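**Q** If you scroll down you'll find the structure; I have some questions about it.
The values are calculated or read from the model by the stated rules, or taken from the named source; none is laboratory data. All of these numbers come straight from a predicted model, not from anything done at the bench. Note that we place each Cβ from the backbone using ideal geometry, even for glycine, and neighbour counts take in every protein chain shown.
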Amino acid sequence: MIVFDKLVKQYPGGYTALDGVSLQIAPGELVVLSGHSGAGKSTLLKLIPAIERPTSGTVRIGEQDISRLPRRAVPYLRRNIGMVLQESRLLFDRSVYDNILLPLIINGHPPGDAARRVGAALDLVGLHGREKEFPAGLSGGEQQRAAIARAFVNRPSILIADEPTAHLDPAYAAEIAELFKSFNGAGVTVLVATHDVSLFRHWAPRRIALARGRLMEE
Amino acid sequence: MRNWLYLHSRAFVQALKRLGGQPFGTLLSALVMGVALALPAGGYILLDNIAVLARGVSGTPEISLFLDGKADSARAEAIESRLRAEPDLASFRFVPRDEALKQLESSGLGDVLGGITVNPLPDAFVVTLRGDDPELFETLSARIRGWPGVAHVQLDSAWVKRLSALVGLGRTVVLVLAVLLGLTLVIVTFNTIRLQILTQKNEIEVSRLLGATDRFIRRPFYWFGGLQGVFGGLVALGAVWIGMDVLAEPVAKVAETYGAAVALGGPGWLESLVTVAFAIALGWLGAAISVRRHLAET
Ligand SMILES: Nc1ncnc2c1ncn2[C@@H]1O[C@H](COP(=O)(O)OP(=O)(O)O)[C@@H](O)[C@H]1O
Ligand SMILES: [Mg+2]
């Protein structure tokens, strides 16, 4: 259970990106977060892995109060949260394989097990056979799929995605939406922020809309 | 433990790759470090050689201790047993006053002393030391000076004292040099690592998003600094070897004029190890300071 309670986020400079958001997300839910640019979608997502901290209010995951988590505990929180951002944020100086391996190394996985998991993740996103290539050699959609494999390889219980299809052709975007649906089918809580709500309409997800930092649940 | 080793070996390989990825910069850093370290290391080894050279010229250092007039045979025996108990003595020899007088007479000074009926010379011991450490020489003679029945202690040559002072001064200069250059090298590594962190800003950020601890992120930079130290230390050793080689002939010629055959000894295993270890410590320290300072900001 992810619980946002009376969240306010004010950026330095005084801009209020979130203005009293209260929201509960059950384990295993698929949530699509929509809203105009500047509505506060990214800010809301960033509060979950403690990339940003709330000005007031709390964020809880299960029993854990994320808003008051000490800095040294943050890495361990993030290992349980897969993240896909608008830019793939792959490391361009290493192979696709090594990119997907990175979270497992960080998490201290034994090498043999790690290799199996990377293989499985590559299969899942349809990049099998491309693992030796470098990200620059992949199309935008393939890069995004590699990023999704990286986000999922650690088998996190929560997956957050911030406009993962923004730069993609509709056909690619649909594939990506399909991937998120399959993760959700495996029991992962999935939160996707997107302009393109229609992408997910077949899955009948829970839809949440933000406008100027306030919630307008549909 | 195994995981810890695995993470370190990964960080080590990563650091090696980063060093290998910029061979020119790595070479330059190693040269800067090596040349800077070669100065104190070479100085230290040169001083060692000077000490050996001096030994060759002076022969074994001796201490003469003269007993006071009241000393009887019991006193002399007491001093003898004390000398026997000293661990640093190679040998000692008792010179009775009569024998000293005879020596003096046979040396041709008998005429000068002619007519003296009372022997004015005291009994004496002549002591040779096991080592030739000037400091040992000093402390031992100072200790003997305090023994009852000893009237006077004489070091066989004043220049031993002078040499000891000179070598001591040289050591201090080398030490100061090592500290100053060491500081410079820490700053150099600090800056190299700072640039590394800047070029790897993206990788650091991504790793953090994926749950990397600060410790995980710092590790390769420590290895980077340490490896730079290894290369720098090896360059320093090379420079010292070459320097010794160049100096060998002129030094041998100088020694010849003193009637001593001297071969300059290069750095031994211990000196080499200490030099490289010192370089590693400097690199590691520079990296540690840099990483702690700059990772907090990114
Ligand atoms: N780091 C930041 N500093 C200052 N203002 C920010 C920062 N990040 C976002 N904002 C502002 O907060 C508002 C909400 O931003 P964001 O959460 O990115 O919205 P969305 O993702 O819905 O487009 C925007 O007006 C944006 O300019
Ligand atoms: Mg956004």
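**Q** I want to confirm something. Restricting to the stretch A:128-138 and keeping residues that are without any contact (Cβ under 8 Å) to a residue 24 or more places away in the chain and not in a helix (DSSP H, G or I), which single residue is nearest to ligand 1 (Cβ to nearest atom)? First the steps, then the outcome.
**A** Keep residues of the stretch A:128-138 that are without any contact (Cβ under 8 Å) to a residue 24 or more places away in the chain, which gives A:128-129, A:137.
Still in the list and also not in a helix (DSSP H, G or I): A:128-129.
Values: A:His128: 33, A:Gly129: 35 Å.
Filtering the stretch A:128-138 for residues that are without any contact (Cβ under 8 Å) to a residue 24 or more places away in the chain and not in a helix (DSSP H, G or I), the one nearest to ligand 1 (Cβ to nearest atom) comes out as A:His128.
**Q** Look at A:Arg89 and say whether it is part of a loop (DSSP other than H, G, I, E, B) and modelled with pLDDT under 95.
**A** In short, yes.
**Q** Given the condition in contact (Cβ under 8 Å) with a residue 24 or more places away in the chain, assigned to a loop (DSSP other than H, G, I, E, B), within 16 Å of ligand 1 (Cβ to nearest atom) and in contact with an Asp or Glu (Cβ under 9 Å, 6 or more places away or on another chain), answer yes or no: does some residue in the stretch A:141-163 qualify?
**A** Scanning the stretch A:141-163 turns up at least one residue that is in contact (Cβ under 8 Å) with a residue 24 or more places away in the chain, assigned to a loop (DSSP other than H, G, I, E, B), within 16 Å of ligand 1 (Cβ to nearest atom) and in contact with an Asp or Glu (Cβ under 9 Å, 6 or more places away or on another chain).
**Q** Among the residues that make up the stretch A:40-48, is at least one of them among the small types (Gly, Ala, Ser), without any contact (Cβ under 8 Å) to a residue 60 or more places away in the chain and either closer than 15 Å to A:Ala211 by Cα or away from ligand 1 (no atom under 15 Å from the Cβ) (or both)?
**A** Our first condition is that a residue be among the small types (Gly, Ala, Ser); within the stretch A:40-48, this holds for A:40, A:42.
Then keep just the ones that are without any contact (Cβ under 8 Å) to a residue 60 or more places away in the chain; that gives none.
Checked against the condition, which is being among the small types (Gly, Ala, Ser), without any contact (Cβ under 8 Å) to a residue 60 or more places away in the chain and either closer than 15 Å to A:Ala211 by Cα or away from ligand 1 (no atom under 15 Å from the Cβ) (or both), the stretch A:40-48 yields no hits at all.
**Q** Taking A:Thr189 as the residue in question, decide whether it is of a type in the set (Ser, Thr, Tyr), in contact (Cβ under 8 Å) with a residue 60 or more places away in the chain and more than 16 Å from ligand 2 (Cβ to nearest atom).
**A** Judged against the criteria, A:Thr189 is a match.
**Q** Restricting the search to the stretch B:257-298, which residues are closer than 30 Å to A:Arg71 by Cα and either out of contact with any Ser or Thr (no Cβ under 8 Å at 6 or more places or on another chain) or at pLDDT below 90 (or both)?
**A** B:Ala281, B:Trp284, B:Ala288, B:Ile289, B:Val291, B:Arg292, B:Arg293, B:His294, B:Leu295, B:Ala296, B:Glu297, B:Thr298
**Q** Being within 16 Å of ligand 2 (Cβ to nearest atom) and under 11 Å from the mean Cα position of the chain (by Cα) is the filter here; which residues of the stretch A:163-186 pass it?
**A** A:Glu163, A:Pro164 - these are the residues of the stretch A:163-186 that are within 16 Å of ligand 2 (Cβ to nearest atom) and under 11 Å from the mean Cα position of the chain (by Cα).
**Q** Counting only residues that are away from chain B (no Cβ under 14 Å) and either in contact with a His (Cβ under 8 Å, 6 or more places away or on another chain) or under 25 Å from A:Thr189 (Cα atoms) (or both), how many does the stretch A:128-157 have?
**A** 5
**Q** Condition first: more than 18 Å from A:Val192 (Cβ to Cβ), loosely packed, with under 13 Cβ neighbours inside 10 Å and more than 12 Å from ligand 1 (Cβ to nearest atom). Now tell me which residues in the stretch A:7-38 satisfy that.
**A** A:Ser22, the sole residue that qualifies.
**Q** May I pose another question? Name the single residue, out of those in the stretch A:45-60 being surrounded by fewer than 21 Cβ atoms within 10 Å (Cβ to Cβ) and assigned to a strand (DSSP E or B), that is nearest to the other protein chains (Cβ to nearest Cβ).
**A** Only one residue fits best here, namely A:Arg60.
**Q** Can you name every residue in the stretch A:1-38 that is within 16 Å of ligand 2 (Cβ to nearest atom) and in a loop (DSSP other than H, G, I, E, B)?
**A** A:Tyr11, A:Tyr15, A:Gly35, A:His36, A:Ser37, A:Gly38
**Q** Okay, moving on. Does the stretch A:69-102 hold any residues that are touching a strand residue (DSSP E or B) at 6+ places or on another chain (Cβ under 8 Å), facing chain B (nearest Cβ under 9 Å) and of a type in the set (A, V, I, L, M), and which are they?
**A** Once the filter is applied, which keeps residues that are touching a strand residue (DSSP E or B) at 6+ places or on another chain (Cβ under 8 Å), facing chain B (nearest Cβ under 9 Å) and of a type in the set (A, V, I, L, M), the stretch A:69-102 yields A:Leu77, A:Ile81, A:Met83, A:Leu85.
**Q** For A:Leu91, state whether it is out of contact with any Cys (no Cβ under 9 Å at 6 or more places or on another chain) and within 13 Å of ligand 1 (Cβ to nearest atom).
**A** So A:Leu91 fails the test.
**Q** Residue under question is A:Lys181, and the condition is that it be touching a His at 6+ places or on another chain (Cβ under 9 Å) and more than 30 Å from A:Asp19 (Cβ to Cβ); does it hold?
**A** yes
**Q** I've got another one for you. Collect the residues in the stretch A:164-188 that are of a type outside the set (A, V, I, L, M, F, W, C), within 19 Å of A:Ala121 (Cα to Cα) and either within 14 Å of chain B (Cβ to nearest Cβ) or more than 16 Å from ligand 1 (Cβ to nearest atom) (or both), keeping them in residue-number order.
**A** Of everything in the stretch A:164-188, those that are of a type outside the set (A, V, I, L, M, F, W, C), within 19 Å of A:Ala121 (Cα to Cα) and either within 14 Å of chain B (Cβ to nearest Cβ) or more than 16 Å from ligand 1 (Cβ to nearest atom) (or both) turn out to be A:Tyr172, A:Glu175, A:Glu178, A:Lys181, A:Ser182, A:Asn184, A:Gly185, A:Gly187.
**Q** Could you say which residue among A:Ile208, A:Ile160, A:Ile148 is within 16 Å of ligand 2 (Cβ to nearest atom), surrounded by 19 or more Cβ atoms within 10 Å (Cβ to Cβ), within 21 Å of A:Ile81 (Cα to Cα) and at pLDDT below 95?
**A** None of the others qualify; the one that does is A:Ile208.
**Q** Taking the stretch B:200-213 on its own, how many of its residues are in a helix (DSSP H, G or I), more than 8 Å from chain A (Cβ to nearest Cβ) and in contact with a helix residue (DSSP H, G or I) (Cβ under 9 Å, 6 or more places away or on another chain)?
**A** 1
**Q** Examine the stretch A:112-127 for a residue that is away from ligand 2 (no atom under 16 Å from the Cβ), part of a loop (DSSP other than H, G, I, E, B), away from every other protein chain (no Cβ under 14 Å) and more than 25 Å from A:Arg206 (Cα to Cα), and state whether such a residue exists.
**A** Yes, that holds for at least one residue.
**Q** Oh, and also: Among the residues in the stretch B:143-151, are any surrounded by fewer than 16 Cβ atoms within 10 Å (Cβ to Cβ), at pLDDT below 70 and over 30 Å from B:Gly42 (Cβ atoms)?
**A** no
**Q** Quick one: would you say A:Val74 is assigned by TED's automatic domain parsing to the domain that holds A:Glu163 and in a helix (DSSP H, G or I)? If you could, list the steps in order and put the result at the bottom.
**A** Values: assigned by TED's automatic domain parsing to the domain that holds A:Glu163: yes; in a helix (DSSP H, G or I): yes.
Against the criterion (assigned by TED's automatic domain parsing to the domain that holds A:Glu163 and in a helix (DSSP H, G or I)), A:Val74 qualifies.
**Q** Now a separate question. Out of (1) away from every other protein chain (no Cβ under 14 Å); (2) over 30 Å from B:Ser272 (Cβ atoms), the odd one out for B:Ala236 is which?
**A** (2)
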